[in-house]
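Student: Below: one structure in C-alpha cells.
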Amino acid sequence: MQHNNSPIPDGGAPTRNRPFGLDLREPFTHLDGFDGHQQRRLSALRGQFADEESYDRLVAGDPLVYEVYEMHRPKIAGELLSGISIIHPGQVGDEFYMTKGHFHTVRATSEIYYCLHGRGYLLMQTEEGDWAAEEFYPGRVVYVPPHWAHRSVNTGKDDDLVTFFSYPANAGHDYATIEQRGFRKLIVSKNGSAVIVENPRWLAGDGGR
Ligand code: 6PG
Ligand code: NI
C-alpha cells in the first residue's frame, strides 16, 4: 500500500495522516496495512467456559482460539480504531469458541461489526443483565450501542468466523467486569445446532463463576 504520510506520533506506530485505503479480501490472509496482530490462546480465557473439566484438559495444548488484526490510530476522540477478528472453530465441552468479551472502558461508546465470513453470534449484555444475541453470517452488520458488553462466538463447525469492526479510538477495554461477572447467556452446541442457554452460574448470583 503506497502512501506518503508524514507520521503523527501517537507513542505507537507512525500514523497515516492522509486518506488511505486497504484491501479486505478472502481468504483474509494478506492483511498488510494492519499494524497490530494479537493472538489469544485458550489460556487467555480461563474461567470463561462453563465446562472446567474440558477446559483443563484442552488448555494443556493451549490451542489458538482467535486473532485480532487492528489498524492503529491515535487513541483520541474523533479517531476510529478498526480491524478484523478471526475466531477459529472449536468447542470447550459443548460451548463454542468465543472471544473474552468486554465493555468499553468509556461506556458511552458504541461499535459496529460487519461479518465477512463464517457463522456465529455477537452476544451482548448490559451491566444490569439485559442481554441480546445478534446472528453473524456473511454480509450481516451488527450495531453495539453504548453501555453493551460484547463477545463474538463462532458456531461454525470447521470454518473461521471473520468480522470487520470499528469503534471510537478513545473507548478502551474493560475485561475485568466480564472476568468477574461473566455473561448471562452461553452459546452451546445441542444436537448439531447452536442454542442460547442460561448461564447457570450467572443465575447463582455469583455471576458466571
Ligand atoms: C474492540 C472490538 C474488537 C474485539 C475483538 C476481540 O473493542 O476492540 O470489540 O476488536 O476487541 O473482537 O475481542 P476481545 O477484545 O473481547 O478479546
Ligand atoms: Ni469492543
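We did not get these values from a lab; they are worked out from the coordinates using the rules stated. Since this is a predicted model, take the numbers as computed values, not measurements. Positions of Cβ are generated from backbone atoms using ideal geometry, with glycine treated the same way; all protein chains shown enter the neighbour counts.
Student: Give the dimensionless ratio obtained when the Cα radius of gyration of the chain is divided by 2.2 N^0.38 Å.
Tutor: 1.04
Student: Quick one: if you stick a label point 7 Å off each Cα along the C-beta vector at Tyr137 and Ser189, how many nm between them?
Tutor: Taking the simple label geometry, Tyr137 and Ser189 are separated by 1.9 nm.
Student: Round to the nearest 0.05 the FRET efficiency obtained for Arg107 and Asp35 when R0 = 30 Å and r is the Cβ-Cβ distance.
Tutor: Calculated value: 0.70.
Student: Just want the answer: with Cβ charges of +1 for Lys and Arg and -1 for Asp and Glu, which residue in Asn191, Phe49, Asn170 is farthest toward the dipole's positive end in region 34-203?
Tutor: Of the listed residues, the answer is Asn170.
Student: A further question on this structure: Taking the Cβ of Phe164 as the centre, find all other residues whose Cβ is under 14 Å away and add up their charges (Lys, Arg: +1; Asp, Glu: -1).
Tutor: Residues near Phe164 contribute -4 overall.
Student: Then there is this: Select from Tyr113, Leu80, Gly93 the residue farthest towards the positive end of the dipole of the chain; place +1 on Cβ of Lys and Arg, -1 on Cβ of Asp and Glu, and compute about the Cα centre.
Tutor: Going by the charge dipole, the pick is Leu80.
Student: Could I ask something else about it? Gain in length, Asp94 to Glu70, computed as 0.36 nm per residue apart minus the alpha-carbon separation, to one decimal in nm?
Tutor: Once the chain is fully extended between Asp94 and Glu70, it gains 5.6 nm.
Student: Over region 34-203, calculate the relative contact order: mean separation of alpha carbon pairs under 8 Å at least 6 apart, over the residue count, as a percent.
Tutor: Answer for region 34-203 is 25 percent.
Student: Okay, next question. Report the charge-dipole magnitude of region 75-209 in Debye, nearest 20, computed about the Cα centre from +1 at each Lys and Arg Cβ and -1 at each Asp and Glu Cβ.
Tutor: Using Cβ point charges on Lys, Arg, Asp and Glu, region 75-209 gives about 80 debye.
Student: Now for a separate question. Search the structure for amide H atoms under 5 Å from the amide H of Leu80, placed 1.01 Å from N in the peptide plane, and list their residues when 5 or more places away or on another chain.
Tutor: Under 5 Å from the amide H of Leu80 lie the amide H atoms of Ala169, each far enough along the sequence or on another chain.
Student: While we're on this one: Near Lys157, which lysines are there with a Cα under 30 Å away, not counting those fewer than 8 places off in the same chain?
Tutor: Lys100, Lys185, Lys190
Student: Please work out how much length the chain gains when fully extended from Asp23 to Asp158, using 0.36 nm per residue of separation minus the C-alpha to C-alpha distance, in nm with one decimal.
Tutor: Gain in length upon complete extension: 46.1 nm.
Student: Could I have the simple spin-label model distance between Ala77 and Ser43, label points 7 Å from Cα toward Cβ, reported in nm to one decimal?
Tutor: Each label point is offset 7 Å from its Cα along the Cβ direction, giving 4.0 nm.
Student: Find, among the GluC sites (Glu not before Pro) in region 95-143, those assigned to loop by DSSP (not H, G, I, E, B) with at most 15 other beta-carbon atoms within 10 angstrom.
Tutor: Glu127, Glu128
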